[in-house]
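J.: Have a look at this one.
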Amino acid sequence: MSVNSFGRVFRFTTWGESHGPAIGAVVDGCPPGLALSEEDIQPWLDRRRPGQSRFTTQRREPDRVRILSGIFEGRTTGTPISLMIDNVDARSKDYGEAPPPYRPGHADYSYDAKYGIRDWRGGGRSSARETASRVAAGAVARLVVPEVSIRAFVTEIGGDAIDRARFDDAAIDANPFFCPDAAAAARWEGLVDGARKAGSSLGAVIECVATGVPAGWGAPVYARLDAELAAACMSINAVKGVEIGDGFAAARLSGEENADRMRPGEDGGPAFLANHAGGVAGGISTGQPLVVRVAFKPTSSILTPVETVDAAGEAAEAVTTGRHDPCVGIRGAPVVEAMMALVLADHKLLHRAQCG
């Protein structure tokens, strides 16, 4: 399998499978001299870690990260940083002794069609387990962009959205849904419980906002900041849509409504009166908050029987056993944050390389 790496100057590669002995990432291009320890990475992994509530998969993984290279006397050396996370609770026996029929919505058939072989034990590389490697790499990326604050939160589960008027940043870390609306989080408990008990699953929408990004990061045409943010988020397992700023809603506005009007600012730069563009114009950051929304589909691994075929093309039914998230988007917020950090770290270094 090729193309397991992302980025240009700050580049990372993930490796490993859901039911293999370990997963991990190699981060290349990190500047030297940054203070880095496993304790700097672990808190971010703990936010994504499974089994922390009844609303996520009950797979119990401590997700303890080990740094294998790229560090000397507590600082980055500029050489590749290898990160490793052991898989300790895979329970492959839950998936049986032989390949089951293709699971609709999963990557079973497409992997088989491409490679002629598939890992049916949790999906191998297509499993959401892979995203732990991204979160570990994203923790390193955050050290490259200390001027930027990145915050992701769930705005919708199963079609039920938050009330923006009730937005409370402190609530995001006070409930298992990364939800900024306590009333919505209370409703979602019943929604997710109901889907889990019915052997089904729900989708979710996550919004990520990065503040402190200066004007000038990104590049026109083929290295657009918004295009690379979209590519980074679309690469996350189960993601089916990405919006920058107003996204599809911008198509329903007039030109004057969509304009991010400007007035003279106190620091000599413009003061923006709106942010429909989500902090990017012409592929380059404007200095406003970067706003990205990401749509996660319902988890494909469900207990409800679904019509399918097997590898011989015969009619069958798919029923996925094992432990799965009833809403995979719940744990997506730390992953989206990581991808935002990874893209911004890369573009900060690209900007420095060209413009000094």
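The values are calculated or read from the model by the stated rules, or taken from the named source; none is laboratory data. The shown structure was predicted, so the numbers you read here are calculated from the model rather than taken from an experiment. All Cβ positions, even for glycine, are placed from backbone atoms using ideal geometry, and neighbour counts span all protein chains on display. The accessibility values were calculated without ligands, DNA or RNA, using every heavy atom of the protein model including side chains. Shrake-Rupley method; radii C 1.70, N 1.55, O 1.52, S 1.80 Å.
J.: Collect the residues in region 129-152 that are closer than 16 Å to CYS233 by Cα and either among the polar types (S, T, N, Q) or open to solvent by 10 Å² or more (accessible area, probe 1.4 Å) (or both), keeping them in residue-number order.
T.: ARG129, GLU130, THR131, SER133, ARG134, ILE150, ARG151
J.: Restricting to region 86-103, and then to whatever is crowded, with 16+ Cβ neighbours inside 10 Å and part of a loop (DSSP other than H, G, I, E, B), can you tell me which residue is modelled with the lowest pLDDT?
T.: Selected residue: ALA90.
J.: Counting only residues that are assigned to a helix (DSSP H, G or I) and open to solvent by less than 40 Å² (accessible area, probe 1.4 Å), which one in region 44-85 is modelled with the lowest pLDDT?
T.: So the residue we want is ARG48.
J.: Looking only at region 220-241, which residues are surrounded by 15 or more Cβ atoms within 10 Å (Cβ to Cβ) and not in a loop (DSSP other than H, G, I, E, B)?
T.: ALA223, LEU225, ASP226, ALA227, GLU228, LEU229, ALA230, ALA232, CYS233, VAL239, GLY241
J.: What are the residue pairs meeting all of these: first residue in region 262-278, first residue more than 17 Å from ILE244 (Cα to Cα) and open to solvent by less than 40 Å² (accessible area, probe 1.4 Å), second residue assigned to a strand (DSSP E or B) and basic (Lys, Arg), Cβ atoms under 9 Å, and 6 or more apart or on different chains?
T.: Close Cβ pairs (under 9 Å, with a partner that is assigned to a strand (DSSP E or B) and basic (Lys, Arg)) amount to ALA271/ARG263.
Every residue, every condition in (1) within 30 Å of LYS348 (Cα to Cα); (2) in a helix (DSSP H, G or I); (3) open to solvent by 10 Å² or more (accessible area, probe 1.4 Å), yes or no:
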position	(1), (2), (3)
ILE172	yes, yes, no
PRO176	no, no, yes
CYS179	yes, no, no
ARG187	no, yes, yes
LEU191	no, yes, yes
ARG196	no, yes, yes
ILE206	yes, no, no
GLY216	yes, no, yes
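J.: Take the conditions open to solvent by less than 60 Å² (accessible area, probe 1.4 Å), in contact with a helix residue (DSSP H, G or I) (Cβ under 6 Å, 6 or more places away or on another chain) and either of a type in the set (Val, Ile, Thr) or over 30 Å from PRO101 (Cβ atoms) (or both) and apply them to VAL306. Does it pass?
T.: So VAL306 fails the test.
For (1) modelled with pLDDT under 95; (2) closer than 15 Å to GLY332 by Cα; (3) of a type in the set (Ser, Thr, Tyr), each residue gets a yes or a no:
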site: GLU147; (1), (2), (3): no, no, no
site: VAL154; (1), (2), (3): no, yes, no
site: ARG164; (1), (2), (3): no, no, no
site: ALA171; (1), (2), (3): no, no, no
site: PHE178; (1), (2), (3): no, yes, no
site: ALA182; (1), (2), (3): no, no, no
site: TRP188; (1), (2), (3): no, no, no
site: ALA195; (1), (2), (3): yes, no, no
site: SER200; (1), (2), (3): yes, no, yes
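J.: Could you pull out the residue among THR320, THR308, THR304 that is of a type in the set (Val, Ile, Thr), at pLDDT 85 or above and closer than 30 Å to ILE117 by Cα?
T.: Result of the check over THR320, THR308, THR304: THR308.
J.: For region 107-128, check the following and say yes or no: at least one residue is touching a strand residue (DSSP E or B) at 6+ places or on another chain (Cβ under 8 Å) and crowded, with 21+ Cβ neighbours inside 10 Å.
T.: The answer is no; no qualifying residue exists.
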